[in-house]
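Undergrad: Quick one: the structure is below, and I'll ask about it shortly.
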Amino acid sequence: MAEQSDSSSFTATEHFTTRHLALTLRVEFQSRRIAASAALTVEALRDELSELTLDTRDLKILKITANGQEVKFALGNKHCFKGAALTISLPFKLLRGQHVVVEVSYETSPEASALQWLTAEQTAGKKHPYLFSQCQAIHCRSMIPCQDTPSVKSTYYARVSVPKELVALMSANHDGEFADDQDKSRKIFCFRQTVPMPCYLIALVVGSLESRVIGPRCRVWSEREMVDAAAYEFEETETMLKKAEDLMGPYVWGQYDLLVLPPSFPYGGMENPCLTFVTPTLLAGDRSLSNVIAHEISHSWTGNLVTNKTWEHFWLNEGHTVYLERMIGRSMFDEKHRQFAAIGGWKDLLEAIETFGATNPLTSLVPRLCDTDPDDAFSSVPYEKGFALLYHLEELLGGPDIFMGFVKAYIQIFAYSSVTTEDWKNCLYSYFSDKTEILNKVDWDAWFHSPGMPPFTPHYDTSMNDACVTLCKRWTIATDVELDCFTESDLKEMTSMQKIEFLALLLLETPLRLNNVKRMQQVYKFNDVKNAEIKFRWLRLCLRAQWEKAIPLALEMVTVQGRMKFTRPLYRDLYNFEKARPQAIETFQKNKPSMHPITAALVAKDLHLV
Ligand code: BES
Ligand code: ZN
């Protein structure tokens, strides 16, 4: 098959590749800019090379040198999601294997899509401003001019100057901190990442941060207001990391820290090396959402060591990571828990495919992204169709232990490189070379390229799910006179996860009758629940039943936190509820300036404002 290039990037990966990145960043809260220089050590992969193209987005390029010599450059037109190509003319020709150091002096824009600048009022402590980045999938280019494609891996070093009362952290190991000689009001933090990694894993946070030690190589970081709650919630981190090592081999990144971000962080978790970023909505108080940590830990192997070559192969990152997350869950609890989680995942897949439409090309496992922003393509499909495929193979090929043998071999073979679905499939066939007959029965084309639900429906053990299904059925069919039979004790034997599943099942049904929802509030008091996963599904249920009392509660939830998994469906449900639509639009427009740029862009689309 011909070399596949990355349609989400302007860079020519067949011409050159970045080996190392040396960053000097000066974080300026006043102007909401980073004044920076990025020195890329670039290797030529062909002879006669005299032009380099890098990805940028909203960057102001001040000056570029190549091996110290000033060079000419040009910025192309801005593409709607790819940004602008930066073409650099070298005054000499490179031969294959030669290296050149290209140093770009530049400034970021206050609108950089990778960055959210928070005012002091938007933080828990209210005293200091805060900055954090989110580069996956293609936002790194708004922070650093680079080959913004996961097919390129490099090490990095960074020196970050920040106001001296603040702390800077990056997705790397610490390499010292000292006073800024040039500016007494500032401090410099240094970071070293010695494992080559794709640039979407570069991450930066600056804020009034504290930490607590929770294990020999684990700390939690956050503002002081949350740090003890976080240390409690994530206490199992080292235990899970050890389980992960038992399954996948040594953890190669050194430190494994967690950072609890402000509530506007758009994801549940982000696997930034050495420093996983997580949403504060994981702080349920009962460790019930620790699967997200198991998930981000697993990315230390699948994603961060073995990386999808382009965003079309994103399922390789997320499908394997969900598979490993559930293997860690299996080893923390038991097989029944894994089966329960798998059923929940299948139901998330049903919902995602219903939202996109069963013929939408974005519901295929390996979608084409030439004309699509990876942020628009994002859904549960790569996670759960990917998991379903791996689970199906596990069953066909002899069970979890045998299949983990393959996953471990796949990781070993492709560690430190980037892979396509074809590479993965070839690896599978060569690992199971004695079972090709079985493998040939798999409808690969349907799994990879057909939209909609997978060609095979797995059978999971329903023992932990039965209670959720039974209770769901009772509520679905209950008439007014039957509502009295529900009591608080219905939920007594259920774990938080089972409550979440119960509500998720109800959401798959036709909307509940308004009286049923009102009665549910009377007996279960979900309005008072803190667990964000429960609250989110409960509010959706209320909105679907057109309960007006839920409108202000939903508007509050989309405002006080910005995790897209919650905020986007709530906004969509508010939009579809005629009485709530004007308020939803008004709330969004009012909050937009203080929202995360990625979330704001996607919610604007969800509300049909663009
Ligand atoms: N890497 C993803 C988050 C992501 C994906 C950010 C694509 C930007 C673009 C992360 O590992 C993730 O999957 N997080 C999930 C966790 C869940 C599946 C347990 C989330 O945020 O909810
Ligand atoms: Zn993930």
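Since every read-out is calculated from the coordinates, none of them should be taken as a lab result. As the structure is a computational prediction, the values presented were derived from the model and not from experiment. Every residue, glycine among them, receives a Cβ derived from its backbone with ideal geometry; neighbour counts consider all protein chains shown.
Undergrad: Among the lysines, which have Cα under 16 Å from the Cα of K530 when same-chain residues fewer than 8 positions away are ignored?
TA: Reachable lysines: K499.
Undergrad: Using 0.36 nm times the number of residues separating K579 and R96, minus their current alpha carbon distance, what extension gain do you get?
TA: On the way: separation 483, 0.36 × 483 = 173.88 nm, distance 6.42 nm.
Separation in residues times 0.36 nm, less the Cα-Cα distance, equals 167.5 nm.
Undergrad: Say R0 is 35 Å: what FRET efficiency, to the nearest 0.05, do S105 and Q255 get from their beta-carbon distance?
TA: It comes out at approximately 0.70.
Undergrad: Now a separate question. Using 1/(1 + (r/R0)^6) with R0 = 25 angstrom and r between the beta carbons of H449 and Y416, what's the FRET efficiency to the nearest 0.05? Each step should come with its number before you reach the end.
TA: On the way: r = 29 Å, r/R0 = 1.15.
Plugging the Cβ-Cβ distance into 1/(1 + (r/R0)^6) gives 0.30.
Undergrad: Given 0.36 nm per residue, what is the gain on full extension from T436 to T194 after removing their alpha carbon distance, in nm?
TA: Going from the current span to full extension adds 83.2 nm.
Undergrad: To continue, here is another question. Please compute the contact order of the stretch 1-125 in relative form: average sequence separation of alpha-carbon pairs under 8 Å and at least six residues apart, divided by the residue count, as a percent.
TA: 30 percent.
Undergrad: Next question. Quick check on the stretch 1-113: take the gyration tensor over C-alpha atoms, sort the square-rooted eigenvalues as a ≥ b ≥ c, and tell me if it's rounded (a/c under 1.5), prolate or oblate.
TA: oblate
Undergrad: Could you list M520, M404 in order of exposure, starting from the residue whose Cβ has the fewest other Cβ atoms within 10 Å? Kindly include the intermediate steps, with their values, before the conclusion.
TA: Details: M520 23, M404 16.
The most exposed by this proxy come first: M404, M520.
Undergrad: While we're here: Quote to one decimal, in nm, the extra length available between S5 and K590 on full extension: 0.36 nm per residue of separation minus the C-alpha distance between them. Display every interim value, and only then the final one.
TA: Numbers: separation 585, 0.36 × 585 = 210.60 nm, distance 4.06 nm.
Fully extending the segment from S5 to K590 adds 206.5 nm.
Undergrad: Between M332 and E51, what is the label-point separation in nm under the 7 Å Cα-to-beta-carbon projection?
TA: In this crude label model, E51 to M332 measures out at 5.2 nm.
Undergrad: Hey, quick one: spin label on D480, modelled 7 Å out along Cα-Cβ, who in the stretch 504-527 has an amide N within reach, i.e. under 13 Å?
TA: 514-516
Undergrad: Kindly list the residues of the stretch 144-170 that lie in the label zone of N67, defined by a backbone N under 20 Å from the point 7 Å along the Cα-to-C-beta vector.
TA: none
Undergrad: May I pose another question? About the Cα centre of the stretch 39-143, how large is the charge dipole given +1 on each Lys and Arg Cβ and -1 on each Asp and Glu Cβ? Please answer in debye to the nearest 20.
TA: Approximately 180 debye in magnitude.
Undergrad: Still on this model: Could you tell me whether the stretch 278-433 comes out rounded, prolate or oblate from its Cα gyration tensor? Rule is a ≥ b ≥ c as square roots of the eigenvalues, rounded for a/c under 1.5, then prolate if a/b exceeds b/c, otherwise oblate.
TA: Taking the square roots of the gyration eigenvalues as a ≥ b ≥ c, the stretch 278-433 is rounded.
Undergrad: Going by a ≥ b ≥ c, the root eigenvalues of the Cα gyration tensor, does the stretch 503-607 fall in the rounded group (a/c under 1.5), the prolate group (a/b larger than b/c) or the oblate group?
TA: It comes out prolate by the Cα gyration axes.
Undergrad: Let's see if you can work this out: charge +1 on each Lys and Arg Cβ, -1 on each Asp and Glu Cβ, no other charges. What is the dipole magnitude of the stretch 160-258 about its Cα centre, in debye to the nearest 20?
TA: Working: 11 positive and 17 negative charges, 54 e Å.
I would put it at about 260 debye.
Undergrad: Moving on to the next point. Along the positive direction of the dipole of the chain (beta-carbon charges: Lys, Arg +1; Asp, Glu -1; about the Cα centre), which of Q255, T587, W346 reaches farthest?
TA: T587
Undergrad: Moving to a separate point now. Have a look at the DSSP beta bridges in the chain and tell me what percent are antiparallel, nearest 5.
TA: Once the DSSP bridges in the chain are tallied, antiparallel ones form about 80 percent.
Undergrad: While we're on this one: Could you state the number of Å between the C-alpha centres of the stretch 516-572 and the stretch 24-94?
TA: With the stretch 24-94 and the stretch 516-572 each reduced to a Cα centre, they are spaced 46 Å.
Undergrad: Right, here's the next one. To the nearest 0.05, what FRET efficiency results for M404 and F456 with a Förster distance of 25 Å applied to their C-beta separation? Display every interim value, and only then the final one.
TA: On the way: r = 21 Å, r/R0 = 0.82.
The value I calculate is 0.75.
Undergrad: Please pull out the direction-averaged projected area of the chain, using the convex hull of its alpha-carbon atoms, in nm² to one decimal place.
TA: 27.1 nm²
Undergrad: By count of other Cβ within 10 Å, fewest leading, how are T276, T421, T65, T359 ordered?
TA: Fewest-to-most ranking of T276, T421, T65, T359: T359, T65, T421, T276.
Undergrad: Let me ask something else about it. Note down the nm distance, to one decimal, between modelled labels 7 Å out along Cα→Cβ at T495 and at A179.
TA: Each label point lies 7 Å from its Cα, and together they span 5.3 nm.
Undergrad: Using the crude model of +1 on Lys and Arg Cβ and -1 on Asp and Glu Cβ, and no other charge, please compute the dipole size for the chain relative to its Cα centre, in debye to 20.
TA: Numbers: 65 positive and 76 negative charges, 268 e Å.
Taking the Cα centre of the chain as origin, the dipole is about 1280 debye.
Undergrad: Tell me, R563, R219 in order of fewest to most beta-carbon neighbours within 10 Å?
TA: R219, R563
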